[in-house]
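Novice: Pasting a structure below so you can have a look.
The values are calculated or read from the model by the stated rules, or taken from the named source; none is laboratory data. Because the structure is predicted, anything quoted here is derived from the model rather than measured. Cβ placement follows ideal geometry from the backbone for every residue including glycine, while neighbour counts extend to all protein chains displayed. Ligands, DNA and RNA are stripped out before the accessible areas are found, and what is left, the full protein with its side chains, is counted by its heavy atoms. Shrake-Rupley method; radii C 1.70, N 1.55, O 1.52, S 1.80 Å.
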Amino acid sequence: MITFRLLLICLVSSLFPALAANSFNILLYHHVADNTPASTTISPKDFEAHLAFLKENGYQVINLDEALNNVISDQPLPDKAVAITFDDGFLSIYQNAFPLLKQYGYPFTVFVATDPIDHKFPQMMTWDMLREMKQAGAIIANHTTDHAYLVRTDDYSEQWLRMTLENIHHAQKRLTTELGDVPNWIAYPYGEYNDALRKKMAEEGWIGFGQQSGGVAKFSDFTALPRFPAASSYANLATLKTKLASVPLPVDYLGLPDTVTRTSKNSLTVNLNGKLKRQNELRCYFNSNAYSPKVQSSSFTIDIQQTFKQGRDRVNCTLPHESQPIYYWFSFQWLYWPLSVKAETTQ
Ligand SMILES: [Zn+2]
C-alpha cells in the first residue's frame with residue numbers, strides 16, 4: 001500500500017511538476033505604527049488583523065530559515081506556509097509588532113541597515129532591542145550598511161562592485177559583532193539589484209531578497225527571492241488573501257533579464273518551466289493597466305505599451321490554477337535608470 005502511494009506520488013509529481021513543487025509566501029512590512037510615512041506603514045490594528053487572519057485561516061507562520069532549507073532540500077513544507085519579514089529595523093517593530101508576534105507565537109525576520117543603528121537614529125531600534133528579539137527567536141539579517149541605492153549608477157565597473165560588496169560585508173561584520181551568528185542573507189534596499197550583483201551574491205553563497213511579489217519554490221532565483229508587500233495599499237485583506245493563497249508561477253527565474261533598463265519602452269519575455277494548463281488565461285498588470293501577454297509554447301512576452309518613469313515599476317501576472325481555486329503568481333520589478341543626461345543627448 002505504501003509502495004503504491006509512493007508510486008502514485010512519483011507519478012503525479014512527474015506529470016504535474018508545478019503541483020509537486022513545494023512553495024511558501026513571504027510577507028514584507030516596514031513600519032507598524034500610526035504616525036509613520038503612509039507608503040511603508042501598516043497600523044498596529046491592521047497588523048494584528050493580518051496575524052488574526054493567518055491564524056483563523058489555517059496559515060502556518062514559519063521560520064524563514066527552516067522554510068528556505070526545506071525548499072532547497074526538497075523537504076515538505078507545512079500547508080499554507082508563510083514567513084513574516086520586516087525591512088529597515090524601525091523602532092515601531094519593537095514597540096508595536098514584537099509584542100503581537102510574541103502573543104501569536106509567530107517567528108519573524110528583520111533586515112536591518114547597520115549605520116542608522118550604529119548612529120542611534122531615534123526612529124530605529126537599538127542593538128539591545130535587536131539582541132532581545134534574536135534571543136526570542138527572531139532572525140536578524142543584512143539590509144546593507146547605509147541603505148543606499150545599490151545600482152542607480154551609469155557604470156557597473158569593478159570599482160562599483162567592490163564598493164557595493166564592501167557595503168554589504170561591513171553590515172554583515174557589524175551584525176555578527178553585535179548579535180553573533182546571522183545568516184548570509186541580503187535584502188536589497190528598495191528591492192533594487194542587477195545581474196552583476198546577483199551573480200556575485202550567488203558566487204559568495206548569499207541568499208538575496210527583492211521586493212517583487214510572489215512565492216518561493218525550488219525553481220526560484222535564490223539571489224533575488226520575491227516577497228509580498230503587505231503594508232500601505234497592500235494591507236487590504238481582500239486583496240492580500242488572494243496573494244497569500246497563491247503559488248509561484250513555474251518559470252525560469254534565473255533566466256530573467258537584468259532588472260535595470262536604460263530605455264523607457266520595455267517588453268519582457270519569460271520562459272515557462274513546461275506547459276501550463278489554462279495559459280491563455282494568463283493576465284499581467286502594469287500601473288493598473290491589464291495586458292494579455294503573447295503566449296508561445298514555452299514562453300510568454302509582455303509588451304508594455306506605457307512609457308516608463310524614472311525609478312521602479314513592477315509587472316504582476318496571474319494565471320488561474322488548474323485544479324484549485326487559487327492563482328499562480330509572477331512579478332518582475334524594473335528599475336528604469338537612464339544614463340546621464342549628457343550621455344542621452346549625445347546619442
Ligand atoms: Zn529598506
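Novice: Working with all protein chains in place, sort Tyr156, Tyr193, Tyr149, Tyr188 by solvent-accessible area computed with a 1.4 Å probe, largest first.
Specialist: Tyr149, Tyr156, Tyr193, Tyr188
Novice: Please report, as a whole percent, how much of the solvent-accessible surface of the chain comes from carbon and sulfur atoms (probe radius 1.4 Å).
Specialist: 53
Novice: Would the range 2-246 count as rounded, prolate or oblate if I go by the C-alpha gyration tensor, calling it rounded below 1.5 in a/c and otherwise prolate when a/b exceeds b/c, oblate otherwise?
Specialist: Here the range 2-246 falls in the oblate category.
Novice: While we're looking at this one, here's another question. List, in order, the whole-Hz ³J(HN,Hα) value for each residue of the range 147-162 obtained from phi through the Karplus relation with A = 6.51, B = -1.76, C = 1.60 and θ = phi - 60°; use x for Gly and Pro.
Specialist: 6, 6, 6, 7, 10, 8, 8, 6, 10, 8, 7, 4, 5, 4, 5, 4
Novice: Considering amide H positions built from the backbone, and no H for Pro or chain starts, which residues 5 or more places from Thr223, or on another chain, come under 5 Å of its amide H?
Specialist: Gly208
Novice: For Lys55, give me every one of the lysines with a C-alpha distance below 27 angstrom, ignoring sequence neighbours fewer than eight places off in its own chain.
Specialist: Lys45, Lys80, Lys102, Lys134, Lys218, Lys241, Lys243
Novice: With θ taken as phi - 60° and the coefficients 6.51, -1.76 and 1.60, list the Karplus ³J(HN,Hα) couplings across the range 233-239 in order, rounded to whole Hz; mark glycine and proline as x.
Specialist: 5, 8, 6, 4, 5, 4, 8
Novice: Of Val247, Val295, which has the most accessible area with a 1.4 Å probe, and how do the rest follow in descending order?
Specialist: Descending order: Val295, Val247.
Novice: Set the Förster radius R0 to 41 Å, insert the Cβ-Cβ distance between Thr301 and Ala238 as r into 1/(1 + (r/R0)^6), and round the FRET efficiency to 0.05.
Specialist: E(calc), rounded to 0.05, equals 0.85.
Novice: Rounded if a/c is under 1.5, else prolate if a/b beats b/c, else oblate: with a ≥ b ≥ c from the C-alpha gyration tensor eigenvalues square-rooted, which is the range 41-126?
Specialist: Oblate is the answer for the range 41-126, as a/c is 1.5 or above yet b/c matches or exceeds a/b.
Novice: Using θ = phi - 60° and the Karplus relation 6.51 cos²θ - 1.76 cosθ + 1.60, list the HN-Hα couplings for the range 276-282 in order, rounded to whole Hz, with x at every Gly or Pro.
Specialist: In residue order, the calculated couplings are 9, 6, 6, 6, 6, 9, 5 Hz.
Novice: With every protein chain in place, what's the accessible area of Glu178 (1.4 Å probe, Å², nearest 10)?
Specialist: Only protein atoms counted, so the area is about 50 Å².
Novice: Just the number please: accessible area per residue for the chain, 1.4 Å probe, all protein chains included, in Å².
Specialist: Counting only protein heavy atoms, the per-residue value for the chain is 47 Å².
Novice: Determine how large the accessible area of Met124 is when every protein chain is in place; take a 1.4 Å probe and give Å² rounded to the nearest 10.
Specialist: 20
Novice: Also, I was wondering about something else. Amide H to amide H, which residues 5 or more places from Ile139 or on other chains are under 5 Å from it, using H placed in the peptide plane?
Specialist: The answer is Phe108, Thr109, Val110.
Novice: What share of the DSSP beta bridges in the chain is antiparallel, in percent to the nearest 5?
Specialist: So the antiparallel bridges amount to about 50 percent of the total.
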